[in-house]
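A.B. asks: Please read through the structure below; I'll follow up with questions.
The values are calculated or read from the model by the stated rules, or taken from the named source; none is laboratory data. A quick note: this is a predicted structure, and the numbers were derived from the prediction, not measured. Counting neighbours? That spans all protein chains shown, and the Cβs are built from the backbone with ideal geometry, glycine included. The area values use the complete protein model at the heavy-atom level, side chains included, leaving out ligands, DNA and RNA. Shrake-Rupley method; radii C 1.70, N 1.55, O 1.52, S 1.80 Å.
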Amino acid sequence: MENITKTKLDKFQKSLKISDLNDLARKHIGIKSKAMMTSGISSLEPETRTEILEKVSTFDDFTEDNDPYKERDFGAFEHKGNSIYWKIDYYAPDMEHGSDDPTDESKTVRVLTIMLSSEY
């Protein structure tokens, strides 16, 4: 029984660390993460893109449906008639492989991608 409890605690602590790092990546786009916009987002007016970036960086509508692992790595919202998705992925520093430990900033580059839902 003790091992099961320890495993659950370890998973909870890992998720908590990842969610904290993802919040930083989202709130400090381009500083704590690399940012990518799809062609659909890039084709929008500059003012609209700025508004979308602001909504991504302040997003806090996490639910069981959009955040089942409690890592805050995905969000969706509506803006001016567009359905917007954002997603954080974890890469190794070489940017060619996935990170083997998203809790370790020295082993992980967070990439925040912002897209129209139709591009998902």
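A.B. asks: At 7 Å along the Cα-to-beta-carbon direction for both SER39 and MET95, put a label point, then send me their distance in nm to one decimal.
C.D. replies: 2.0 nm
A.B. asks: What is the helix-to-structure angle for 46-58, meaning the angle in degrees between its Cα long axis and the longest Cα principal axis of the chain, kept from 0 to 90 and rounded to the nearest 10?
C.D. replies: The angle comes out at about 20 degrees.
A.B. asks: Could you tell me whether the range 1-57 comes out rounded, prolate or oblate from its Cα gyration tensor? Rule is a ≥ b ≥ c as square roots of the eigenvalues, rounded for a/c under 1.5, then prolate if a/b exceeds b/c, otherwise oblate.
C.D. replies: prolate
A.B. asks: Looking at the range 64-109, which chymotrypsin sites (Phe, Trp or Tyr not before Pro) are DSSP coil and have at most 16 other C-beta atoms within 10 Å of their C-beta?
C.D. replies: Details: sites: TYR69, PHE74, PHE77, TYR85, TRP86, TYR90, TYR91; in loops: TYR69.
When the chymotrypsin sites (Phe, Trp or Tyr not before Pro) of the range 64-109 are filtered for loop state and at most 16 Cβ neighbours within 10 Å, TYR69 remain.
A.B. asks: How many Å² of accessible area per residue for the chain, probe 1.4 Å?
C.D. replies: 64 Å²
A.B. asks: Counting only GluC sites (Glu not before Pro) that sit in a DSSP loop (anything but H, G, I, E, B) with at most 16 other Cβ atoms within 10 Å, what is the longest stretch of the chain containing none of them?
C.D. replies: Details: sites that count: GLU64, GLU96.
My reading of the result: 1-63 is the longest stretch.
A.B. asks: What FRET efficiency do you get for SER118 and LYS32 if R0 is 35 Å and r is their Cβ-Cβ distance, rounded to the nearest 0.05?
C.D. replies: On the way: r = 28 Å, r/R0 = 0.80.
Efficiency, from the Cβ-Cβ distance: 0.80.
A.B. asks: Just for the Cα atoms in the chain, what are the lengths along the principal axes, largest first, rounded to whole Å?
C.D. replies: Sorted from largest, the Cα extents of the chain read 55, 32, 22 Å.
A.B. asks: Out of all DSSP beta bridges in the chain, what portion is antiparallel? Express it as a percent rounded to 5.
C.D. replies: 75 percent
A.B. asks: Further question on the same structure: Note the angle between two axes, namely the Cα long axis of helix 2-27 and the longest principal axis of the Cα atoms of the chain, as a number of degrees from 0 to 90, rounded to the nearest 10.
C.D. replies: Its long axis makes an angle of about 20 degrees.
A.B. asks: Provide the FRET efficiency to the nearest 0.05 for the SER106-ASP61 pair, computing r from the beta carbons and using R0 = 41 Å.
C.D. replies: Here the calculated transfer efficiency is 0.85.
A.B. asks: Would you mind checking which residues have amide H under 5 Å from HIS79's amide H? H placed 1.01 Å from N; only 5 or more apart, or other chain.
C.D. replies: The list, which skips near neighbours in sequence, is ILE84.
A.B. asks: Enumerate the calculated ³J(HN,Hα) couplings along the range 89-106 in order (Karplus 6.51 cos²θ - 1.76 cosθ + 1.60, θ = phi - 60°), each rounded to whole Hz, writing x wherever the residue is Gly or Pro.
C.D. replies: 10, 10, 10, 5, x, 6, 6, 10, 9, x, 5, 8, 7, x, 7, 9, 4, 6
A.B. asks: Per DSSP H run of at least 4 residues, take -39500 (n - 2.57); add these up for the chain, divide by its residues and hand me the 222 nm value, nearest 500 deg cm²/dmol.
C.D. replies: Value at 222 nm, helices only: -11500 deg cm²/dmol.
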